[in-house]
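**Student:** Take a look at the following structure, please.
The values are calculated or read from the model by the stated rules, or taken from the named source; none is laboratory data. A quick note: this is a predicted structure, and the numbers were derived from the prediction, not measured. Positions of Cβ are generated from backbone atoms using ideal geometry, with glycine treated the same way; all protein chains shown enter the neighbour counts.
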Amino acid sequence: MTAPLLDRESVGYGSAAVLSGVSFSLAPGERVVLLGRSGSGKTTLLGAIRERLERAGSRVALVPQEAGLVPTLSVLRNALMGRLDDHGTLYNLTNLVRPRARDRAAVADILEPLGLAPEIDRAVERLSGGQKQRTALARAFFRGGSYLIGDEPVSALDERQGAEVLDEIGRRFETSVLALHDVALARSFATRIVGLKSGQVIIDGPPESLSDAEIGALYAL
Amino acid sequence: MRSEGWPRGRVVTGFAALALLLLPFADLTLAGHDPWEALARMGSGFLRPDFAAIEEIGRAIALTIAFAVAGVAAGAGAGLLMAPFYERGPVRGICVAVRSVHELFWALLLMQVLGLSPMTGVLAIALPYAGIFAKVFSDYLGDVDPRPARALGPGTGAASRFLYATAPLALPQMWTYTLYRFECGMRSSAVLGFIGLPTLGFQLDSFFRLGEYGAASAILICYIGLIATIRIWMRWKIAALWLLACLALLLSLSSPPMGSGALMRFLTEDIVPAPIRDGGPLWPWLSQIIWSEALPGIVATLVVAQIALVLAGLVAALGAPAIVTRVAGRFGRYLGHILLVTLRSVPDYMLAYLFLQVFGPSMLPAILALGLHNGAIIAHLVGRQGEDISAELRPDAPRGLTLWGWDLAPRLFAPYLALCLYRWEIIARDSAVMGLLGVATLGFWIDSAVAEFRLDAAIVLLLASLAMTAGIDIISRRLRRHLGGTTPAISRRMEAGDCAI
């Protein structure tokens, strides 16, 4: 068992704690899905996990809920932003002006399975919601590493695309923690499901061990 | 919460009364010759624009654009470099200092170092604009969506973070502002011609000296047309081409060479106060300048500024309803717009020059020019707000002056007054500059000191002018805070030292 990332901790903004007394640990190879109503603390927990992993020196790729893209830049450049911290300023600056052929090819390979290859040079502000979300995924895929943290990473995709993207995530990252709202997708992807309610973990276990009623209770008022 | 203690009406009465009190002290004489005859002569010339001197007109216009493009580009570049550090004391101090000196005063000083070279004109625009750009760009960067920067890896360097995740987000706004500033730059560039640079002002002056009013009319028509169509011919995609062409044009200009070491001499000798340079007591030298030049200059500047402010207020009060469709009708609004656009796009300094040709040298041309130009700007802003309000009014709302008096004027009074108070500082600053045309305001004394190579005295007078505008700024700020009525967008631009919103 690995050392816990969070040990009965309260996390939140300002004085109001969003998470109260939460413990969370993560073993390599796990695919964790966080479930819970909006406002239950999923985003805050993901943020805390990311912070602890990075503090411990792990390489974490991130797909934030609001994508966090730069609308005026192209899909290619937004994807390149995944690896800015691997290079010096001069490399990044020249890459911004004219991306290197090698980096372009690497991004193109990632965009292919995401169905975004034709949009590589389009400004993100001209994309649809689903395309934007796939750009954020491309940025995380390009970053790579052993961990992926995703906050509703497939919310703007249709069911089939969403399942494909989750498969791709499973192939590319050893360990991942995702917040999802689609219970069926969560069941098929996760090796472990964590249910949050009002800032507390009330379910934690493999999907086979959880009944639909238990999961449904997460969403009850 | 505010209006109880500080009734807006009383503030207006106070300003109007002050202007009336100052009126007897203002030199409003129609100098010497018959102004109506001059006006008739000019009027007939202006009604028959003469494009025969197309070569001179084209050259003056091209150089006006070239100085504006190069100056604004250099100012925007420097401002962009300073913007991320604007919150640091020294950078902010430099920016405030460079932007509080008017372009024409910068040009006067720079001429001592660089002579009548293209560099003088470019820097005269670039220096004050850099200070303004730095402030506005830093505001834009501060307002940028922080989420893309948060999504970056933890070890990303500050420069990469800025270039990828911050600057691109502010870029569209920055371009819009630069374009708007370019419009101001076109005015600054044209006016620089009046002190000898080869731009529009210079050519206009030559035409006037030769009595070629038709040609003067033609060049003004071209200029106003050019400013009105800026958004068509100045595009982001071809901005770099414009810059290259303009630099090439400026480099092709020949200028009289300056002796080497002019800058060092300027900094270490010319602007060092004479008593320090030659030995002797400082105070008599300083008090001589203060009593016989600075104070008379400030008094004259304030006389001009206060009367011009009230005139601007009057012009705005009459002009604003003229551009609201429900008040003036479609046709009336069209006419009102043309009139206001003309008064707005001709710089107040150039208007004063034109009036000077008609009325002869006195405070009258300066007051008229400042009042009309600034009044047109306020009228435009207030009228636009009135148009917005009247579009959302109930369907059975009245029309014409009834609508204006009952519905719009009461709502627009607060923003109107705030805008007038904003322009107050600008009017005072420009009143000082009008001295370069011969009115006895501060600019006159600065110009004379420069002409007599008393650059140390010129610097003292310049500082006096900065102190005066800073004082007005403080009073105006306090009044505005007590009276309310400004929108954040307007106040932000105004505080950055705008030429015309």
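**Student:** Looking only at the stretch A:56-90, how many residues end up being more than 20 Å from A:Ala138 (Cα to Cα) and at pLDDT 90 or above? Even if it seems obvious, please write down each step before you answer.
**Tutor:** Of all residues in the stretch A:56-90, those more than 20 Å from A:Ala138 (Cα to Cα) come to A:56-57, A:88-90.
Among the residues that remain, those that are also at pLDDT 90 or above are: none.
Matching residues across the stretch A:56-90 total 0.
**Student:** Next question, about the same structure. Considering only the stretch B:436-452, state which residues are in contact with a Pro (Cβ under 8 Å, 6 or more places away or on another chain) and either farther than 15 Å from B:Pro296 by Cα or outside the structural domain of B:Thr29 (by TED's automatic domain parsing) (or both).
**Tutor:** The initial filter retains those residues of the stretch B:436-452 that are in contact with a Pro (Cβ under 8 Å, 6 or more places away or on another chain), namely B:437-440, B:445.
The answer is B:Leu437, and nothing else.
**Student:** Of the numbered conditions (1) in contact with a Pro (Cβ under 9 Å, 6 or more places away or on another chain); (2) of a type in the set (D, E, K, R); (3) within 12 Å of another protein chain (Cβ to nearest Cβ), A:Arg126 satisfies every one except a single condition; which is it?
**Tutor:** Unmet for A:Arg126, out of (1) in contact with a Pro (Cβ under 9 Å, 6 or more places away or on another chain); (2) of a type in the set (D, E, K, R); (3) within 12 Å of another protein chain (Cβ to nearest Cβ): (3).
**Student:** Of all helices (runs of 4 or more DSSP H) completely enclosed by the stretch B:68-183, which ones contain at least 3 residues that are within 14 Å of chain A (Cβ to nearest Cβ)? Break it down into steps so the answer makes sense when it comes.
**Tutor:** Details: elements: B:89-99, B:103-114, B:118-142, B:147-150, B:158-161.
Output list reads B:147-150, B:158-161.
**Student:** Between a residue in the stretch B:394-413 that is assigned by TED's automatic domain parsing to the domain that holds B:Thr325 and any residue that is outside any helix (DSSP H, G or I), which pairs come within a Cβ distance under 7 Å, given they are 6 or more apart or on different chains?
**Tutor:** Once the first residue is assigned by TED's automatic domain parsing to the domain that holds B:Thr325 and sits in the stretch B:394-413, its partners that are outside any helix (DSSP H, G or I) give B:Leu403/B:Ala397; B:Trp406/B:Pro398; B:Asp407/B:Leu393; B:Asp407/B:Ala397; B:Leu408/B:Val324.
**Student:** Just to be sure I understand the filter: pairs with C-beta atoms under 6 Å, separated by 6 or more residues or on different chains, first member in the stretch A:56-85 and at the interface with chain B (Cβ under 7 Å from one of its Cβ atoms), second member acidic (Asp, Glu) and surrounded by 17 or more Cβ atoms within 10 Å (Cβ to Cβ). Which pairs pass?
**Tutor:** A:Pro64/A:Asp151
**Student:** For the stretch B:253-273, name all the residues that are loosely packed, with under 15 Cβ neighbours inside 10 Å, more than 15 Å from B:Leu114 (Cα to Cα) and touching a residue at least 60 places away in the same chain (Cβ under 8 Å).
**Tutor:** Hits for the stretch B:253-273: nothing passes.
**Student:** Filter the stretch B:205-235 for residues that are basic (Lys, Arg) and in a helix (DSSP H, G or I); which is nearest to B:Phe355 (Cα to Cα)? Spell out how you get there, then give the answer.
**Tutor:** Kept after step one, since they are basic (Lys, Arg), are these residues of the stretch B:205-235: B:209, B:231, B:235.
Then keep just the ones that are in a helix (DSSP H, G or I); that gives B:209, B:231.
On the way: B:Arg209: 14, B:Arg231: 30 Å.
Restricting to residues being basic (Lys, Arg) and in a helix (DSSP H, G or I), the top hit is B:Arg209.
**Student:** Which ones in the stretch A:123-154 are free of Cβ contacts under 8 Å to residues at least 60 places away in the same chain and either surrounded by fewer than 18 Cβ atoms within 10 Å (Cβ to Cβ) or under 11 Å from the mean Cα position of the chain (by Cα) (or both)?
**Tutor:** A:Ala123, A:Glu125, A:Arg126, A:Ser128, A:Gly129, A:Gly130, A:Val154
**Student:** Let me spell it out: the conditions are (1) over 30 Å from B:Ala305 (Cβ atoms); (2) touching a Ser or Thr at 6+ places or on another chain (Cβ under 8 Å), and B:Glu392 meets all of them except one. Which number is the exception?
**Tutor:** With respect to (1) over 30 Å from B:Ala305 (Cβ atoms); (2) touching a Ser or Thr at 6+ places or on another chain (Cβ under 8 Å), B:Glu392 is out only on (2).
**Student:** Only one residue in A:Ala156, A:Ala186, A:Ala140 is away from chain B (no Cβ under 14 Å) and assigned to a helix (DSSP H, G or I). Which one? Write out each step before concluding.
**Tutor:** Values: A:Ala156 fails: assigned to a helix (DSSP H, G or I); A:Ala140 fails: away from chain B (no Cβ under 14 Å).
Within the list A:Ala156, A:Ala186, A:Ala140, the selection yields A:Ala186.
**Student:** Turning to a different aspect of this structure: Going by the conditions given, is A:Leu96 within 13 Å of chain B (Cβ to nearest Cβ), surrounded by 22 or more Cβ atoms within 10 Å (Cβ to Cβ) and part of a helix (DSSP H, G or I)? Don't jump to the end; show me each part of the working.
**Tutor:** Working: within 13 Å of chain B (Cβ to nearest Cβ): yes; surrounded by 22 or more Cβ atoms within 10 Å (Cβ to Cβ): no; part of a helix (DSSP H, G or I): yes.
No, not satisfied.
**Student:** Could you check how many residues of the stretch A:202-221 are touching a residue at least 12 places away in the same chain (Cβ under 8 Å), out of contact with any Gly (no Cβ under 7 Å at 6 or more places or on another chain) and not in a helix (DSSP H, G or I)?
**Tutor:** 5
**Student:** Checking the structure you have, find out if any residue of the stretch B:485-495 is among the charged types (D, E, K, R), modelled with pLDDT under 80, in the same structural domain as B:Ile427 (by TED's automatic domain parsing) and assigned to a loop (DSSP other than H, G, I, E, B).
**Tutor:** Of all residues in the stretch B:485-495, those among the charged types (D, E, K, R) come to B:492-493, B:495.
Applying the additional criterion that residues be modelled with pLDDT under 80 yields B:492-493, B:495.
Checking the rest, the ones that are also in the same structural domain as B:Ile427 (by TED's automatic domain parsing) come to B:492-493, B:495.
Subset that is assigned to a loop (DSSP other than H, G, I, E, B): none.
For the stretch B:485-495, residues among the charged types (D, E, K, R), modelled with pLDDT under 80, in the same structural domain as B:Ile427 (by TED's automatic domain parsing) and assigned to a loop (DSSP other than H, G, I, E, B): absent.
**Student:** Let me ask you something else. Residue check: is A:Thr89 of a type in the set (Val, Ile, Thr), in contact with a Ser or Thr (Cβ under 6 Å, 6 or more places away or on another chain) and facing chain B (nearest Cβ under 10 Å)? First the steps, then the outcome.
**Tutor:** On the way: of a type in the set (Val, Ile, Thr): yes; in contact with a Ser or Thr (Cβ under 6 Å, 6 or more places away or on another chain): yes; facing chain B (nearest Cβ under 10 Å): yes.
Criteria met by A:Thr89.
Matching residues to (1) in contact (Cβ under 8 Å) with a residue 60 or more places away in the chain; (2) closer than 29 Å to A:Lys132 by Cα:
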position: A:Leu166; (1), (2): no, yes
position: A:Val177; (1), (2): yes, yes
position: A:Phe189; (1), (2): yes, yes
position: A:Arg192; (1), (2): yes, yes
position: A:Gly195; (1), (2): yes, yes
position: A:Gln200; (1), (2): yes, no
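**Student:** Among B:Pro118, B:Pro146, which is surrounded by fewer than 22 Cβ atoms within 10 Å (Cβ to Cβ) and more than 16 Å from the chain's Cα centre (by Cα)?
**Tutor:** On the way: B:Pro118 fails: surrounded by fewer than 22 Cβ atoms within 10 Å (Cβ to Cβ).
After applying the criteria, what remains is B:Pro146.
**Student:** So which of A:Gly150, A:Gly39, A:Gly47 ends up being assigned to a strand (DSSP E or B), in the same structural domain as A:Val11 (by TED's automatic domain parsing) and closer than 22 Å to B:Pro146 by Cα?
**Tutor:** Details: A:Gly39 fails: assigned to a strand (DSSP E or B); A:Gly47 fails: assigned to a strand (DSSP E or B).
The match here is A:Gly150.
**Student:** Collect the residues in the stretch A:99-116 that are part of a loop (DSSP other than H, G, I, E, B) and either facing chain B (nearest Cβ under 9 Å) or in contact with a Phe, Trp or Tyr (Cβ under 9 Å, 6 or more places away or on another chain) (or both), keeping them in residue-number order.
**Tutor:** Keep residues of the stretch A:99-116 that are part of a loop (DSSP other than H, G, I, E, B), which gives A:99-100, A:115-116.
The one that is part of a loop (DSSP other than H, G, I, E, B) and either facing chain B (nearest Cβ under 9 Å) or in contact with a Phe, Trp or Tyr (Cβ under 9 Å, 6 or more places away or on another chain) (or both): A:Arg100.
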